[in-house]
Amino acid sequence: QVQLEESGGGLVQAGGSLRLSCAASGRTFWRGAMAWFRQAPGKEREFVAAISLTDGSTYHADSVKGRFTISRGNAKNTVYLQMASLKPEDTAVYYCAAGNVAGRGPYEYDYWGQGTQVTVSS
């Protein structure tokens, strides 16, 4: 089994920055992918970014491209989401996910963290 735990969320003013971390325990993913999704109240879960653990390729949603960056930690059991130039519309619960492919659909991921709240004030 794989357990994922997000951290780093909080309250930040518009224009500020946060770095989210996702720590994996149990089985580690030497191949496959990890990703970040977010979900605001009353909205569907939205793809944010993904990283291939095979070749390091990254993918970012248009809504966050140029502002957010996904990366893999040196420990290989941690993935980060560096968020800059935050906007109120970025407010959501952010979820870490792990799966076999770096897709954009939630159904493509087998493991999920419990989420961490990010609130951006104006």
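The values are calculated or read from the model by the stated rules, or taken from the named source; none is laboratory data. Computed from a prediction, not measured in an experiment: that's the story for all the values here. Note: ideal-geometry Cβ built from the backbone for every residue, glycine included; neighbour counts use all protein chains shown. Side chains are part of the model used for accessible areas, which takes the heavy atoms of the whole protein and leaves out ligands, DNA and RNA. Shrake-Rupley method; radii C 1.70, N 1.55, O 1.52, S 1.80 Å.
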In nm, give the distance between the simple-model label positions of ARG67 and ALA84, each being 7 Å from the Cα along the Cα-to-Cβ direction. 1.3 nm
For segment 38-122, what is the accessible area per residue in Å², given a 1.4 Å probe and the full set of protein chains? 52 Å²
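Figure the gain on full extension for ALA14 and THR119 (residue separation times 0.36 nm, minus the Cα-Cα span) and round it to one decimal in nm. It would help to have the intermediate numbers written out before the result.
Details: separation 105, 0.36 × 105 = 37.80 nm, distance 0.94 nm.
The ALA14-THR119 span can extend by a further 36.9 nm.
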Heads up, I need the accessible area for ILE51: 1.4 angstrom probe, whole protein in place, Å², nearest 10. 10 Å²
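Taking all protein chains in place and a 1.4 Å probe, what share, in percent, of the accessible surface of the chain do carbon and sulfur account for? Please list the in-between numbers first.
Working: 2910 of 6410 Å².
Here carbon and sulfur together make up 45 percent of the probe-accessible area.
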Sequence-distant or interchain residues sharing an amide H contact under 5 Å with PHE68, placed H: which? ALA84
Relative contact order computed over the chain (Cα-Cα under 8 Å; 6+ residues apart), in percent: 35 percent
